[in-house]
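The values are calculated or read from the model by the stated rules, or taken from the named source; none is laboratory data. All figures in this text were calculated on a predicted structure; none of them were measured in a lab. Here Cβ is always computed from backbone atoms with ideal geometry, including for glycine, and neighbour counts include all displayed protein chains.
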Amino acid sequence: MTYLYLAVAILSEVIATSFLKVSDGFTRPIPSAITVAGYAISFYFLSLALRTIPTGIAYAIWSGVGIVLITAIAWIFQGQKLDAPALGGLGLIVAGVVVINVFSKATAH
């Protein structure tokens, strides 16, 4: 259940960040409200995940997966360009999250 909480935290943060751009500096009410609600939901579920996942590990997963998802959304929906170094960097982020989860004893509860 803990990793489900973390997944909800990640997805709501990704939605919030995506709508942050659309909010146009918080001048558009609906995207602004979605942004604020998304971040509130994200931090609430992150706090639930932190009951059992060590803070550094949870944050590494939360931020790493979030970065990759936000970049993919920006690329697909907002026309952000990704060059080879950007893709390589994203690959390293994914590799880091995998190494933490598969090989690190720090994730033990």
Kindly establish whether V94 is at pLDDT 90 or above and in contact with a helix residue (DSSP H, G or I) (Cβ under 8 Å, 6 or more places away or on another chain).
no
For the stretch 26-71, give me the residue count where each residue is over 13 Å from A9 (Cβ atoms) and modelled with pLDDT of 95 or more.
12
Kindly indicate which of T27, T2 is β-branched (V, I, T) and farther than 27 Å from K105 by Cβ.
T27
Name the single residue, out of those in the stretch 1-31 being surrounded by 17 or more Cβ atoms within 10 Å (Cβ to Cβ) and among the hydroxyl-bearing types (S, T, Y), that is farthest from the chain's Cα centre (by Cα).
S23
Considering residues that are within 14 Å of the chain's Cα centre (by Cα) and either exposed (fewer than 13 other Cβ atoms within 10 Å of the Cβ) or of a type in the set (V, I, T) (or both), the number found within the stretch 71-101 is 5
Show the residue pairs that are 6+ apart or on different chains and have beta-carbon atoms under 9 Å apart, the first residue being within the stretch 17-31 and on the phi > 0 side of the Ramachandran plot, the second being buried (at least 19 other Cβ atoms within 10 Å of the Cβ) and assigned to a helix (DSSP H, G or I).
F26/L20; F26/T35
Among the residues of the stretch 32-59, count how many are surrounded by 14 or more Cβ atoms within 10 Å (Cβ to Cβ) and more than 18 Å from the chain's Cα centre (by Cα).
1
If I filter the stretch 1-60 down to residues being outside any helix (DSSP H, G or I) and among the hydrophobic types (A, V, I, L, M, F, W, C), which single residue comes out as nearest to I73 (Cα to Cα)?
F26
